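Enquirer: Mind looking over this structure? Questions follow.
Derivation of every value follows stated rules applied to the coordinates shown; laboratory data play no part. Computed from a predicted structure; not experimentally measured. Here Cβ is always computed from backbone atoms with ideal geometry, including for glycine, and neighbour counts include all displayed protein chains.
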Amino acid sequence: MNTAIRSNRIRGVMIALVISLGGALDVATGQTPMSATEAAAYKEAKQTATATFLDRSRSRQERLEAAKKLGYPDDATFAALLAIGVDQKEDDAIRAEALRRHRYDDKYVAAVLKILSDPDDGGEELDSSLIEDISRRTTFRIPTELRQRIQAVFRSLLDDRRPRVRLHAYRAAVAAHDPVAVNRLADSLRLGTNVPIPVVEAIDLLDQDGPLNHIATLRPYLTNRDPQVQARATRALAGDRESRPAIVALARDANTPEEVRVSALRALSREDAEFPAYAIPLLEDPRTSTRVREAAMKTVVGRMNYHAVSPADQIRFAQAVERIATSPQIMAIEAENLRESARQVQRYIRQSFPDVQKYYETR
């Protein structure tokens, strides 16, 4: 058994010890220890759940519900879970759950990779679930040979005819910074044709890989007609100085879809030192939609929490928030929610920012 998998197995054993030694640990942490009656009830519930999940005569729903109460399995249960996971006669959801509950060891990895490598074994639900599970549980510390085996299987599924399998394969491969998957996505987005997964997902994955590596590829999507696509592009490109003026213009333009404006404000608040100069006027302008005003308010607070904002901008922001919090003209339900948010922000900034505090004390 390799070191990484042995480490995961040891971690699983430790979890089991935590459960079995719950009373002693509760004493150490100051929590009420589990009584003997509670421990016995827990053990019985676990045994019942295990028996139900392993019973092939029970309904699919009963077994999936029972899986939630399995706790940490013993060796015999692990063996039974593996047997269910590799059994092609079992329901795909049951197989996926059985393998998800199995510890991360050589047997688990071999079973999952074998299923994913066989086009006749398992349907779209099983394969997409297994890709997600093994990707989530695989660490960067695994041996090179094992990483290459997993990578090879993911690559083989990038062209899978099933959309969910293809999507999960790209997610897993890009998360591992596989250049083959990254380059395929970038090339397809650059050409704008035959993108193998939904465009919003493709942009998100290139953003995850490092958006500054894909600036030229992503820029055209700032003018895409699909608001979801455009919103993802604003988020990915806010860190690019040359793209930023276009993103600021989108945030300020009343004709821009709200989803895009909100995304732009959130992204710009993290990247642009000039953010208060255009976000605060959006908050001040009653013609700005309620959703965008609320986004402007929350993103300016976020900017103040983590970046330097001038005292003058802090006070101007406090004044804008106060006007909303105390306005008698705000009557609609959506606007009332904005006013309540403004009240909460007003209390927070008065307590947390000395320049705002001083303004209220001396006015």
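Enquirer: Over the chain, what is the relative contact order in whole percent, taking alpha-carbon pairs under 8 Å and six or more residues apart?
Expert: For the chain, the relative contact order is 8 percent.
Enquirer: Mind checking which of Leu116, Ala249, Leu191 is farthest towards the positive end of the chain's charge dipole, using Cβ charges of +1 (Lys, Arg) and -1 (Asp, Glu) about the Cα centre?
Expert: Checked the options; the winner is Ala249.
Enquirer: Averaging sequence separations of C-alpha pairs under 8 Å and six or more residues apart, then dividing by the length of segment 144-201, give the relative contact order as a whole percent.
Expert: Averaging sequence separation for qualifying contacts and normalising by length gives 27 percent for segment 144-201.
Enquirer: When Cα extents along the principal axes in Å is calculated directly from the model, which label among (1) 68, 37, 36; (2) 72, 60, 39; (3) 100, 82, 44 fits?
Expert: Given (1) 68, 37, 36; (2) 72, 60, 39; (3) 100, 82, 44, the structure-derived one carries the label (2).
Enquirer: Stick to Cα atoms and the Kirkwood definition of Rh, then tell me Rg/Rh for segment 243-363.
Expert: Here Rg/Rh amounts to 0.96.
Enquirer: May I ask you to derive the FRET efficiency for Tyr278 and Lys68 from their Cβ-Cβ distance with R0 = 56 Å, giving the value to the nearest 0.05?
Expert: 0.70
Enquirer: In terms of Cα to Cα distance under 24 Å, which lysines are near enough to Lys114, apart from those fewer than 8 places away along the same chain?
Expert: Lys89
Enquirer: Give the cross-link partners of Lys298 among the aspartates and glutamates, using a straight C-alpha distance below 17 Å as the criterion and excluding same-chain residues fewer than 8 apart.
Expert: Straight-line reach from Lys298, under 17 Å: Glu258, Glu259, Glu271, Asp272, Glu274, Glu284, Asp285, Asp313, Glu322, Glu334, Glu336, Glu340.
Enquirer: Sticking with this one: Given Cα pairs under 8 Å that are at least 6 residues apart, what percent is the relative contact order of segment 177-272?
Expert: In percent, rounded to a whole number, it is 22.
Enquirer: Highest GNM mean-square fluctuation, the chain, Cα pairs closer than 10 Å: which of Asp127, Asp207, Asp91?
Expert: Taking springs between Cα atoms under 10 Å, the residue moving most is Asp91.
Enquirer: If the elastic network links every pair of Cα atoms under 10 Å, which of Ser129, Ser156, Ser269 fluctuates the most in the Gaussian network model of the chain?
Expert: Ser156
Enquirer: What per residue convex hull volume, in Å³, comes out for segment 177-272 when only alpha-carbon positions are used?
Expert: It comes to 82 Å³ per residue, whole-number rounded.
Enquirer: State to the nearest 20 debye the size of the charge dipole of the chain about its Cα centre, where the only charges are +1 on K and R beta carbons and -1 on D and E beta carbons.
Expert: Its charge dipole is roughly 560 debye.
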